[in-house]
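See below for the structure under consideration.
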Amino acid sequence: MQPDVLHRALLTAFTERGYQAALLDENTLSVTLPGGDAMQANIEQWRFHAGRNPMADLPGLAASYADQFAQMMAQIDAQEAGAGRYSTAEDVRVRIYPDDMLTAEMREALVTRPLAPGLWETVVVDYPDAIMPLQRSLLGGESEAAVFGQALAMSLHKEPYDTTTHMLWDVPLLHIHAAHRYVGAPHLHALGRHVPLESAPFGALVALPIPELLLVHVLGGTEPAQAMHAMQAMALQHYEHGDKAITPEVYWWRPGAYERLPEPQALAGGQVPDLRPARVEFVQEDGSDRVTAQIHSDDAFFEMLQRLLAAQSGRS
């Protein structure tokens, strides 16, 4: 296919780093590694992000993406060569990566699992001078679930964090944040610490725009479309201006059996929280000044909305 300006910037960035790269289709990049193997990367989310920025920023955005890819490949090579040492006691943490940062080959080689549509949580080894995704070949006899449990526990108990609430358009948004990159997945797995189940019968909206931040809005006190709009705006702002951004998407956190487990059992049980994409669009009707909210999600979300709106109507 004929590359556009976004494609050309990305191809140039890989070439400058010694990689042979080619387009398979609009959203798929094939990168040939020094050993001759080829890896395919989904670049749809990167193209979305890059396309929202000024053209003057494009070389830098492409360079950042290519650098992250090259760094991850170098870390995997180092572990394969025996340079990476794995300790379950203190070194492991959990990070979230978007789809387009982990090729199919990486997902097969690394200790990673789906967290939500478009997102993967990955065990990493946190060295003083580097962060290395952990390879499955280094697990020995340990189960992935147990290693994830250890990494989540270390991320929660060893890494400091703060919580603050900010209002946007009269919508309270809880910010769980820190200076390190281990906030999103660990605190999603332990969201009951911040949102007691009895206070969230309709669940919550969550967003993970950057590694240092988890946004949360408990559903029930604000009109749902307004809450979704505020969450989307805040998530997009952090996504567009953050380093190593993850996703601007908003998800519905649907608490259930996972959240009712004791925390240590939940962390090491091999399961993940129930997260479902949810977004709102405001559309002006043809020939009218009227604007309507169009909500996009799954059937369970709409069933919840009916219950929520009925409860809000009953309180009015």
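The values are calculated or read from the model by the stated rules, or taken from the named source; none is laboratory data. Just so it is clear, the structure is predicted and the values come from calculations on it, not from any experiment. Here Cβ is always computed from backbone atoms with ideal geometry, including for glycine, and neighbour counts include all displayed protein chains. Accessible surface is based on the protein model in full, side chains and every heavy atom, while ligands, DNA and RNA are left aside. Shrake-Rupley method; radii C 1.70, N 1.55, O 1.52, S 1.80 Å.
Which order, highest average first, do 246-253, 40-47, 95-102 follow once you tally other Cβ atoms within 10 Å for each residue and take the mean per peptide? Walk me through the intermediate numbers first.
Details: 246-253: 25.1, 40-47: 19.1, 95-102: 22.1.
Peptide ranking by packing, descending: 246-253, 95-102, 40-47.
At ARG113 and ASP67, where each label point lies 7 Å from the Cα along Cα→Cβ, what is the point-to-point distance in nanometres?
The answer from the label model is 3.3 nm.
Roughly how many Å² of LEU197 are accessible to a 1.4 Å probe, to the nearest 10?
60 Å²
In degrees, nearest 10, range 0 to 90: what is the angle between the Cα axis of helix 299-315 and the longest Cα principal axis of the chain?
30 degrees
Roll a 1.4 angstrom probe over the protein heavy atoms and tell me the percent of accessible area of the chain that is carbon or sulfur.
Working: 7240 of 14550 Å².
Whole-percent figure for carbon plus sulfur exposure: 50.
Would you check the accessible area of ARG276, probe 1.4 Å, heavy atoms only, in square angstrom rounded to 10?
In the full protein context, ARG276 sits at about 60 Å².
Give the residue list of trypsin sites (Lys or Arg not before Pro) in segment 182-277 that are DSSP loop and have at most 16 other beta-carbon atoms within 10 angstrom. Don't jump to the answer; show the numbers that get you there.
Details: sites: ARG193, LYS244, ARG260; in loops: LYS244.
In loop regions of segment 182-277 (DSSP not H, G, I, E or B), the sparsely surrounded trypsin sites (Lys or Arg not before Pro) are LYS244.
Based on a Kirkwood Rh over C-alpha pairs, give the Stokes-Einstein translational diffusion coefficient of segment 125-178 at 10 °C and viscosity 1.306 mPa s in µm²/s. Each step should come with its number before you reach the end.
On the way: Rh = 14.1 Å.
This corresponds to a translational diffusion coefficient of 112 µm²/s.
Pulled fully out, how much extra length does the chain show between PHE302 and ARG260, if you take 0.36 nm times their separation in residues and subtract their Cα-Cα distance?
Working: separation 42, 0.36 × 42 = 15.12 nm, distance 2.33 nm.
Fully extending the segment from PHE302 to ARG260 adds 12.8 nm.
Compute the separation of the alpha-carbon centres of segment 118-154 and segment 250-316 and state it in Å as a whole number.
Cα centres, segment 118-154 to segment 250-316: 30 Å.
Nearest 10 degrees is fine. How inclined is helix 224-241 to the longest principal axis of the chain, computing both from alpha carbons?
30 degrees
To the nearest 10 square angstrom, what accessible area does SER313 show with a 1.4 Å probe?
It works out to around 80 Å².
Determine the sum of side-chain charges near GLU144: Lys and Arg each +1, Asp and Glu each -1, restricted to other residues whose C-beta is under 12 angstrom from that of GLU144. Write down the numbers at each step before the final one.
Numbers: positive: ARG113, ARG136; negative: GLU121, GLU142.
Combined, the nearby Lys, Arg, Asp and Glu give 0.
Quick one: accessible area per residue over the chain, 1.4 Å probe, rounded to a whole number of Å²?
Working: 14550 Å² over 316 residues.
Per residue, the chain has 46 Å² of solvent-accessible surface.
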